[in-house]
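The next block holds one structure in the form of structure tokens; read it before the comments.
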Amino acid sequence: MRIFCASIATETNTFSPLRTDFSDFKESFYAPPGQHPVTPTLCSAVFTEARLRAAKEGWELIEGTATWAEPGGLVNRETYEQLRDEVLGQLRAAMPVDAVILGLHGAMVAQGYLDCEGDLISRVRDIVGPDVIIGTSYDPHSHLTEQRITNADIIVAFKEFPHTDFVDAGRSVVDLVLRTLRGEITPTKAVFDCHMIEVLPTSREPMRSFIDRAKAMEGAGDVLSVSFIHGFMAGDVPDLGAKVIVTTNNDPAKANELAQKLGHELFGFRGTTRPSFVTADVALDQALASDARPIVLTDVWDNPGGGVPGDSTILLRAAMERGLRDFAVGTIWDPMAVRICISAGEGATLPLRFGGKTGAHAGAPIDAEVRVKKIRRDSWQYFGDSIVPLGDCAVIELPGGGEVILNSNRSQSFDPSLFSNMGIDPTSKKYLFIKSTNHFYDAFAKIAGEIIYVDVHGPYPSDPKTNGYRHLTRPIWPIVDDPFAAIAS
Ligand SMILES: [Zn+2]
């Protein structure tokens, strides 16, 4: 038995002022055949899980390229075609194979390609023919298109947001592909379109219980797999929105029935799933009146994990204007300012312009007389057990005493280690300003006296009603109050 695997992944914010090319993939993660590390990255867990099973069961795994770029703007056409053709060339060379397993993110958009993953999977299908099994794994913040559904046999997405279960999803795809190849199961899948876009954290109700129930359904009776695509509101594509995928063992009617049932239930959660997001003014009032410490204020939309630059100064400026002093900011992306700080050296005082440089909606740059408190080449933070690079970083001290970490590699704030690795004890500060929608939660909840989710109107297209989608033509909530009535009429 011979199985080919590959992974091409990024999340494209089509509204972002950034653009993505090969250097972004190389900077984040690029592993040619045989060079995938022993630990999985988010979307490449199919590699490590397939290796385990191949070693145990004695079949042959042929590894193609695995690559990932930090979420950003539109992908350069040549870059997408180059990565795609690299993987397709590896697959052709590996033929004949019994199965292909692809670790995808599912929200990649390139110049001329609204559905990169659909394009990739259909080309894989053209090469392998109708009888070879194709298994795919996705991040739930993705778009599920007809081209992907018809060309893949197995579709699995991470169930948790924060994505603490990405290894489980990789394991599930590999297992379902192997069982199919051995004739133990005949996967039959159904997809239900929920016609909505919503933020769906599973760290809180009602999603927590819903996901626990879905997990319990897997393996019970003929239900093989249940997955949910949450959708990604910053991707202007025709298939934007939440969808349910149910795979049963040779029972399409059951798959269809369950997908519809769960889909309507998920649709019923609209408007109830988010923690309360408050404006910057309300957040600062709340923080100033609170005795808790540290108070974590997360800028939920200026989250580089959603493809924006992460250099917004809006919340920091508001905090400075309100006279906050005992705070640390982790982080503001500004490689140019980091470079100037490195040239100045630790301990130097200089007039510095930082942040707010990449677009019109992230606030103006801040000009201040700052002291360079700490420099660190190639700093990093944890995300669970994995290490996330932050690039060269500088801690600057503002005239009022607040401290700001400037970073060179864009990343959202995952873990308090981003502060401690830069010499800041996060528990010693009254206020911690971070940039993340929900992935920060697991690690920061352990040290936070209070968490405030701040809804700053900035560069992220956070309101579907006013985002001005051009490619989305299906009716979806909240743009349409009752999308199912709109379809019926
Ligand atoms: Zn995601």
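The values are calculated or read from the model by the stated rules, or taken from the named source; none is laboratory data. Small disclaimer: the values here were computed from a predicted structure and weren't measured. Here the Cβ is made from the backbone with ideal geometry for all residues, glycine too, and neighbour counts use every protein chain on show. Side chains included, ligands, DNA and RNA excluded: accessible areas come from the protein's heavy atoms. Shrake-Rupley method; radii C 1.70, N 1.55, O 1.52, S 1.80 Å.
What the table shows:
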{"item": "Positions within the stretch 398-416 being small (Gly, Ala, Ser) and more than 18 Å from Asn438 (Cβ to Cβ), in sequence order", "result": "Gly400, Gly401, Gly402, Ser408"}
{"item": "Filtered residues of the stretch 271-285 (kept if surrounded by fewer than 16 Cβ atoms within 10 Å (Cβ to Cβ) and modelled with pLDDT of 95 or more)", "result": "Gly271, Thr272, Thr279, Asp281, Val282, Asp285"}
{"item": "Subset of the stretch 1-42 [over 20 Å from Glu81 (Cβ atoms), aliphatic (A, V, I, L, M) and open to solvent by less than 50 Å² (accessible area, probe 1.4 Å)]", "result": "Ile3, Leu42"}
{"item": "Options Glu70, Glu63: the member that is more than 22 Å from Ile3 (Cβ to Cβ) and either assigned to a strand (DSSP E or B) or in contact (Cβ under 8 Å) with a residue 40 or more places away in the chain (or both)", "result": "Glu70"}
{"item": "Selected residue [closer than 26 Å to Met336 by Cβ, open to solvent by 10 Å² or more (accessible area, probe 1.4 Å) and not aliphatic (A, V, I, L, M)] from Gly305, Gly310", "result": "Gly305"}
{"item": "Test for Leu200: is it within 18 Å of Thr273 (Cβ to Cβ) and within 13 Å of the ligand (Cβ to nearest atom)", "result": "yes"}
{"item": "Residues of the stretch 432-447 satisfying the condition of being crowded, with 23+ Cβ neighbours inside 10 Å and more than 18 Å from the chain's Cα centre (by Cα)", "result": "Leu432, Phe433"}
{"item": "Hits in the stretch 421-435 (condition: of a type outside the set (A, V, I, L, M, F, W, C), over 16 Å from Gly400 (Cβ atoms) and part of a loop (DSSP other than H, G, I, E, B))", "result": "Asn421, Gly423, Asp425, Lys435"}
{"item": "Pairs with Cβ under 6 Å, 6+ apart, first in the stretch 130-142 and assigned by the TED database to the domain that holds Ala242 and open to solvent by 10 Å² or more (accessible area, probe 1.4 Å), second within 16 Å of the ligand (Cβ to nearest atom) and assigned to a loop (DSSP other than H, G, I, E, B)", "result": "His141/His230; His141/Phe232"}
{"item": "Boolean, Ser225 is outside the structural domain of Ala448 (by the TED database), under 27 Å from the mean Cα position of the chain (by Cα), open to solvent by 10 Å² or more (accessible area, probe 1.4 Å) and polar (S, T, N, Q)", "result": "no"}
{"item": "Yes/no for Pro140 being under 20 Å from Gly235 (Cα atoms) and at pLDDT below 95", "result": "no"}
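Conditions tested, residue by residue: (1) within 30 Å of Phe210 (Cβ to Cβ); (2) within 16 Å of the ligand (Cβ to nearest atom); (3) in contact (Cβ under 8 Å) with a residue 12 or more places away in the chain.
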position	(1), (2), (3)
Gly268	yes, no, no
Thr273	yes, yes, yes
Arg293	no, no, yes
Pro304	yes, yes, yes
Gly307	yes, yes, yes
Met320	no, no, yes
Thr349	no, no, yes
